[in-house]
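Novice: Pasting a structure here, questions to come.
Readers should treat all values here as calculations from the given coordinates under stated rules, not as data from a laboratory. The model shown is predicted, which means the values in this text are computed figures rather than measured ones. All Cβ positions, glycine included, derive from the backbone under ideal geometry; neighbour counts span all protein chains shown.
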Amino acid sequence: MSETHVTASTQFVEADGVHFAYRRFGKQTGTPLLFLQHFRGGLDNWDPLVTDGLAQDRPVILVDYAGVASSTGKNATTVDGMADGIATFVKMLGLTQVDLLGFSIGGFVAQSVAYRYPDLVRRLILTGTGPRAGEANPDPKILQVAGNPVPTEDDFLFLFFSPSKTSQAAGRSFWTRRHLRQDQDPPSSIETLQAQAAAIGDWREPKGELYAYLKNIRQPTLIVNGHTDIMVPTVNSFILQQYIPDAQLIIYPDSGHGSLFQYPELFVSHSALFLDA
């Protein structure tokens, strides 16, 4: 690869008055893999071992939602609104089809894109995420920590990794890798926090028959999670696998919400096998 997670330049494309910030690197040919980020996350909240690993054999695209970090425009307050923005972004790049990797709220958005724009999505990877009106964790500490104005390393270790020494050590290694790039994407705003919190609240409300929409997600789907995800409880991954017609599920041991960052090499291997099938 001529460019990597750390060296790829930040580019912009305008659509509907929004300047979407994105980075593209990896191979020049093949179906692009578009990464959709977690709550408040930007271009540099990904793990370079994951992005560079998957970029070895395909184009990789990282993007900020409208209003997030380097992207301009108004934050959407629903998941479907965020999905509309992503669909517009893909079309403005001149792409007719992509693979989607959605993490956490990005997994909500990926489901919405696949359901509402089926011709745009070839394959789907959902990690640390759940269905509309899925099971929530009632622990108030989770919302408190996730809502801290400037998330710290300790916040990520609590939210994304299990309490074991092994998982916490993996979390600290991820935190180091996550800061390797010198010109980091700026943090998201309080407005982004509020808008995405509203989008999550809306996503938790059932609309029609529970989980029925999942039966209409026809794309081959890989679902990945940690053994004990406190952010989006792991049982939601089983629900996704049971209702999406062509879905397979992997649960990594001694891990939580950020299992893909705890097991980056394994996640890349499993994802590559799935995408290349």
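Novice: Which trypsin sites (Lys or Arg not before Pro) from the range 14-48 combine a DSSP loop assignment with at most 13 other Cβ atoms within 10 Å?
Specialist: Here the trypsin sites (Lys or Arg not before Pro) that fit, given the DSSP loop and packing criteria, are K27.
Novice: Moving to a separate point now. Expressed as a whole number of Å, what is the distance separating the alpha-carbon centroids of the range 166-234 and the range 27-49?
Specialist: The distance from the Cα centre of the range 27-49 to that of the range 166-234 comes to 13 Å.
Novice: Could you please rank H5, H257, H270, H227, placing first whichever residue has the fewest other Cβ atoms within 10 Å of its Cβ?
Specialist: Exposure proxy ranking, most exposed first: H227, H270, H5, H257.
Novice: Counting only the backbone N, which residues of the range 18-56 are under 17 Å from the spot 7 Å out from the Cα of L266 toward its beta-carbon?
Specialist: 49-50, by backbone N distance to the label point.
Novice: Taking K74 as the anchor, which aspartates and glutamates have their alpha carbon closer than 19 Å to its alpha carbon, excluding any fewer than eight residues away along the same chain?
Specialist: Correct list for K74: E14, D16, D64, D84, D185, E191, D202.
Novice: What distance in nm separates the simple spin-label points at A198 and D246, each placed 7 Å from Cα in the Cβ direction?
Specialist: So the two model labels end up 3.7 nm from each other.
Novice: Of all DSSP beta bridges in the range 1-114, what percent run antiparallel (nearest 5)?
Specialist: Among the beta bridges of the range 1-114, antiparallel pairing accounts for roughly 60 percent.
Novice: Students often forget the sequence filter, so: which lysines lie under 30 Å Cα-Cα from K27 once same-chain residues fewer than 8 apart are removed?
Specialist: K91
Novice: Using DSSP H assignments, which helices in the chain have an axial alpha-carbon span of 18 Å or above and a mean Kyte-Doolittle hydropathy of 0.5 or higher?
Specialist: Span-like helices, by this rule, are 79-92.
Novice: Restricting the count to DSSP beta bridges whose residues both fall in the range 11-275, what percent are antiparallel, rounded to a multiple of 5?
Specialist: 30
Novice: Springs between alpha-carbon atoms under 10 Å, Gaussian network over the chain: tell me which of L36, L95, L222 tops the mean-square fluctuations.
Specialist: L95
Novice: Is it possible to state the helix-based mean residue ellipticity at 222 nm for the chain, with each DSSP H run of 4+ residues giving -39500 (n - 2.57), the sum divided by total residues, to the nearest 500 deg cm²/dmol? What is it?
Specialist: -11000 deg cm²/dmol
Novice: What dipole magnitude, in Debye to the nearest 20, does the chain give about its Cα centre under +1 on Lys/Arg Cβ and -1 on Asp/Glu Cβ?
Specialist: Using Cβ point charges on Lys, Arg, Asp and Glu, the chain gives about 280 debye.
Novice: While we're on this one: What FRET efficiency, computed as 1/(1 + (r/R0)^6) with R0 = 30 Å and r the Cβ-Cβ distance, is obtained for Q11 and Q97, rounded to the nearest 0.05?
Specialist: It comes out at approximately 0.90.
Novice: Along the positive direction of the dipole of the chain (beta-carbon charges: Lys, Arg +1; Asp, Glu -1; about the Cα centre), which of L222, A8, T72 reaches farthest?
Specialist: Towards the positive end, the residue furthest out is L222.
Novice: Compute the length gained on full extension between Q182 and T31: take 0.36 nm times their separation in residues and subtract their Cα-Cα distance, giving the result in nm to one decimal.
Specialist: That works out to 51.5 nm of additional length.
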